[in-house]
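The values are calculated or read from the model by the stated rules, or taken from the named source; none is laboratory data. Just so it is clear, the model here is predicted, and its values are computed rather than measured. Here Cβ is always computed from backbone atoms with ideal geometry, including for glycine, and neighbour counts include all displayed protein chains.
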Amino acid sequence: MIELDNVSKSFVVRRRTGPLRRTRTTVPACESISFTVRAGEFVGYLGPNGAGKSTTIKMLTGILTPTSGSVVVAGLDPSRQRTTLARRIGVVFGQRTTLWWDLPLRDSLALVRHLYRVEAGAHRARLRTLVDLLDLGPFLDTPVRQLSLGQRMRGDLAAALLHDPELLVLDEPTIGLDVVTKATVRAFLERLNAERGTTILLTTHDLGDIERLCRRVMIIDRGRLAYDGDLDRLRAAAGAERMLVIELERPGPPVRLPGARFVRADGPRQWLVIGSGVNAASVVADVAARYAVADIALREPDIEDVVARLYRRGIPQAVAAAEKSVGLLGGFGGAAGGVPAPGRPRGREQPESGQGEDAGAEQRLQPVVEVTGRGEPAGEGERAPRRQEEIDAPADERQRGNQRDHRRSPSRHDDDADDEAGGRHERERPVEPGRVGDGVGQRVDGADRARRTPPRRIGQGGRQHDAEEKSEGVP
Amino acid sequence: MAREPADSVRLYGLLAWTWIRAAAQYPLSMVLLALATGVVTGLDLAAIALMFARAPRIAGFTASEVLFLYGTSGLSFAIADIVLGTAERLGQHVRQGTLDAMLVRPVSPLIQVATEDFSPRRMGKLIPTVTVLAVVMPRLGVAWTAPRVLLVPVMVGAGVAIFAALWVLTAAVQFVVIDGHQATKAITYGGGFLTQYPLGIFGRDVVRGLTFVIPLAFVNWEPALYVLGRPDPIGLPAAFRFASPAVAAVLCAVAALAWRSGLRHYRSTGS
C-alpha cells in the first residue's frame, strides 16, 4: 500500500546573519527513509516534534515532493498523481480541519460526495453508518466553525471516509481530545481496520493510541527511521520500565516487593521500577497489603522516553543493552528475549560508535550533552515542575494516562508550530539525558551528576545500568 | 488545473454554488454588498468624468472613446476578478497551513481558492462596466463593420484571459514570497486601473513596457485602436491590433507553468 524507498526531503532555510546578509542552509527533514506498509496494516508512526513525521505524511499524500528517493502509495506517485491518489486515500489532520469552515457539516459532507464522485446510493448508506458510529447526528446542521474540537474531529473522520478509501492517513487525530471522544475515535478506527480492512497510518504522541490500536510501530528521529517493529519489543529494547510511585504514611525503609525494584526515596515517597513481565496490578495489591500507603501511582513508560532513549543511543546499542539487562535481571522482562529485528536499524550516526560496546555510558552521552548545550540548559526548569505537578496530582487522575496526555498535548502543539517555523536548530528539542527513561526528574549528564547524585539511577541502560544491577542486587 | 477542463468547470460550479448557498443565508446583506461593490467599482467613472469636465479630450481621445476603454477593461477585469480574484489569498492559505487540506482533496487547489467565499455580491462589479459599454458603444461614431463588431467580444475575452493569468501568476509568486500579496495587488488591480485610460497618456517607454513586459496593452488598448480607427502613437505594427488572443494564450501558458512549479516547490508549514 505504501512503499518508501530511500526517501529524503530537505528544506532550504534562509537565516538572517546580519542586517542585510542572509545565509542559505539546507536542512534535512527526512533522510533515507525506507519502509513498506502492506494493505490492511495498522501502523503507528512516532517521533519527537520536528523529527519528520509530518513531512513524511505530506510526502505520502503528495503535498510535498521528496528531494530524492521514490514514494509509491496505492501504486501511484503521490506528487505527480496527487488528485488521482486523493480519490483513493483519506487524510485527517488533527490540528486543522479539511472541512469547509463556514458550511454546515451536512453540506460539507454532501460536497465531499460530489468532489469524490461517490454514487448517491452508496453515499447515503455510508453516511448513515458514519453518522451512527461517530454520533454525528446532533451537530450535522451546525457550521463547522461552531463545532467543538471533538465534534470537528469526528466530522473530519467522516469526511475522509465517505469515499471509502483504501488507506487512511491520520496526523495526530486524538490531539487535544477528551477521554470519551478519544475512546470513540479509537474504537471507530479499530473497527474500520478490522472490518473494512482499511490500511491505517497514524502519527501520534499518545502512547494510548498506539497501545490500543497499532500492531506495528515505526519511530522516526531526526529525519531517520530509528525503529520498525512491534511495540512490546520496542519497549524491551529501549529498556523503558513502568514506575510505581508510592507515598507511605510515614518515611520508612525501602519497600521490598517481588517483581519491583526500589529506586529511590524522598521522605515518605518512594520510587520503584516494575519489571516488564510482571503484572502491575499484583504489585500494587502487594504494596497496599504490606505497607501503610497514603497514595500510589503507576506511570507507564512515556513514548517520549522510549523515543528519547533511541535518540540517545541508537537502536543497536539499545538492543544490546536490552539483551544484557535481560540476562542480569533474570525474572524481569522475559518478553525482551526476542530481540527486535528492526527494518532500518540505525538511529543517527553517532561519532563514538566506533568505540563499540566498551565505551562507557558517560562517553555515549557526550554528543547529546552537546546538543543540549546549544539549546536551553536541558530544559530542567521548564519540565521538572510539570513532572512534579503530576506527582502531586490525585492518584486516580495520574493513573489515567489519557488524561495526562490530554492535559499536556496543547503545549506540544505549540512547540510543534514554533519548531517548524524555525530552522533545524530550534527544532532539535534538547533531550535531557538524565531525565530520559526515569520519568522522575533526575539528571545524569556530566556536570550535574556529581552535584546531585540520586540514590540510584534507573533506566539509563547500557553498562552503568548493568553495573548498578550487580552492586545492588535484584529482589 | 485539472486535465479535463469540463471537469474543472463542473467542480468550480459545484464549489461556487455551495458558497453561494452559504452566503444566501443572509439575503439582505448579500444584496446590499452587491450594490456597494457596484458603487465602489463605479467610483473610477467619477474620476474620468472629472477630467472631462476640464478638457474635451485626453491624449486625443474623446469622452466616449475613453469610456469605451474604461468599459472594455473594466468588464474584462471584473470577470477575471469574479472567477479568480480570491486566488490572491493563496499566501494566507500557505501561511495558515490550510493549503494542505486543499491538497488532499481531488480538486485543484486553484479552484478551491478561487471559489472560496464565492458570493453573488461579486457580480456587483459588472454593473457599472456593462452599463457604460451599453451607453457608449452606439455613440462612438465609428462604422461598425463586421471585424470591428467581432473584435469587441474577442478583446474582452482576451482581456479576461490576460487578467486571469495575472491573478494566477501573482498567486504562484506567493508560494515563494508568502507575504507578497500586497505587492501582487499592484500588478492586478494596478493593471485594471491603468487600462481604463488610453495608454497614449503615458510615456513611450511605459507603453513599451506595458506591451512587451506585462502585456496589459493587449487587454484593450491595441484592439481598441483598431475599433476606434486610430493610429498607434508609438507606431507599433498593425498586426499587434489583433494579437490579443495569442498574447493571452502565451500568458496563460506561462501562468500555468508558474503555478505548477510553485506547487511543486511548496514547502508547507509544520504541524
May I ask you to say which residue of A:Leu99, A:Leu111 is crowded, with 19+ Cβ neighbours inside 10 Å, within 11 Å of chain B (Cβ to nearest Cβ) and not in a loop (DSSP other than H, G, I, E, B)?
-> A:Leu111
Boolean, A:Leu161 is at negative phi and at pLDDT 85 or above = yes
Would you point out which residue out of A:Phe35, A:Phe93 is facing chain B (nearest Cβ under 8 Å), under 21 Å from the mean Cα position of the chain (by Cα) and crowded, with 16+ Cβ neighbours inside 10 Å?
-> A:Phe93
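I'd like the full set of residues that are under 22 Å from B:Ala114 (Cβ atoms) and surrounded by fewer than 17 Cβ atoms within 10 Å (Cβ to Cβ), limited to the range B:37-51.
B:Val40
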A:Gly50 being surrounded by 23 or more Cβ atoms within 10 Å (Cβ to Cβ) and modelled with pLDDT under 85 | yes
Could we say that B:Phe212 is more than 12 Å from the chain's Cα centre (by Cα), free of Cβ contacts under 8 Å to residues at least 40 places away in the same chain and more than 22 Å from B:Phe68 (Cα to Cα) here?
-> yes
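Okay, residues lined up against (1) of a type outside the set (Asp, Glu); (2) modelled with pLDDT under 80; (3) more than 17 Å from A:Tyr227 (Cβ to Cβ):
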{"residue": "A:Asp266", "(1), (2), (3)": "no, no, yes"}
{"residue": "A:Arg269", "(1), (2), (3)": "yes, no, yes"}
{"residue": "A:Ile274", "(1), (2), (3)": "yes, no, yes"}
{"residue": "A:Ala281", "(1), (2), (3)": "yes, no, yes"}
{"residue": "A:Arg290", "(1), (2), (3)": "yes, no, yes"}
{"residue": "A:Ile296", "(1), (2), (3)": "yes, no, yes"}
{"residue": "A:Glu300", "(1), (2), (3)": "no, yes, yes"}
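For every residue, the table says whether it meets (1) on the phi < 0 side of the Ramachandran plot; (2) at pLDDT below 85; (3) touching an Asp or Glu at 6+ places or on another chain (Cβ under 7 Å); (4) outside any strand (DSSP E or B).
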| position | (1), (2), (3), (4) |
| --- | --- |
| A:Tyr227 | yes, yes, no, no |
| A:Leu234 | yes, yes, no, yes |
| A:Ala237 | yes, yes, no, yes |
| A:Glu247 | yes, no, yes, no |
| A:Val278 | yes, yes, no, yes |
Being crowded, with 16+ Cβ neighbours inside 10 Å and farther than 15 Å from A:Asp228 by Cβ is the filter here, so list the residues in the range A:2-26 that pass it.
-> A:Ser8, A:Lys9, A:Ser10, A:Phe11, A:Val13
Restrict the check to the range B:40-51 and report whether at least one residue is part of a helix (DSSP H, G or I) and within 14 Å of another protein chain (Cβ to nearest Cβ).
-> no
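Which residue out of A:Ala159, A:Ala194 is surrounded by fewer than 19 Cβ atoms within 10 Å (Cβ to Cβ) and over 25 Å from A:Pro66 (Cα atoms)?
Answer to the check: A:Ala194.
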Please verify whether the range A:46-56 includes one or more residues that are touching a Cys at 6+ places or on another chain (Cβ under 7 Å) and not hydroxyl-bearing (Ser, Thr, Tyr).
-> yes
Among the candidates B:Leu67, B:Leu84, B:Leu33, B:Leu99, single out the residue that is in contact with a helix residue (DSSP H, G or I) (Cβ under 7 Å, 6 or more places away or on another chain) and within 14 Å of another protein chain (Cβ to nearest Cβ).
-> B:Leu99
Just give me the residues in the range A:281-299 being assigned to a helix (DSSP H, G or I) and among the acidic types (Asp, Glu), in sequence order.
-> A:Asp286
Give me a count of the residues in the range A:114-136 that are basic (Lys, Arg) and part of a loop (DSSP other than H, G, I, E, B).
-> 1
Select, from A:Ala194, A:Ala160, A:Ala187, the only residue that is in contact with a Leu (Cβ under 9 Å, 6 or more places away or on another chain), of a type outside the set (Ser, Thr, Tyr) and free of Cβ contacts under 8 Å to residues at least 12 places away in the same chain.
-> A:Ala187
Mind checking which pairs have a first residue in the range B:142-153 that is among the aliphatic types (A, V, I, L, M) and a second that is not in a loop (DSSP other than H, G, I, E, B), Cβ under 7 Å, 6 or more apart or different chains?
-> B:Val142/B:Arg148; B:Val142/B:Val227; B:Leu151/B:Pro223; B:Leu151/B:Tyr226; B:Leu151/B:Val227; B:Val152/B:Val227
Of the residues in the range B:2-18, those that are more than 8 Å from every other protein chain (Cβ to nearest Cβ), surrounded by 17 or more Cβ atoms within 10 Å (Cβ to Cβ) and hydrophobic (A, V, I, L, M, F, W, C) come to B:Ala16
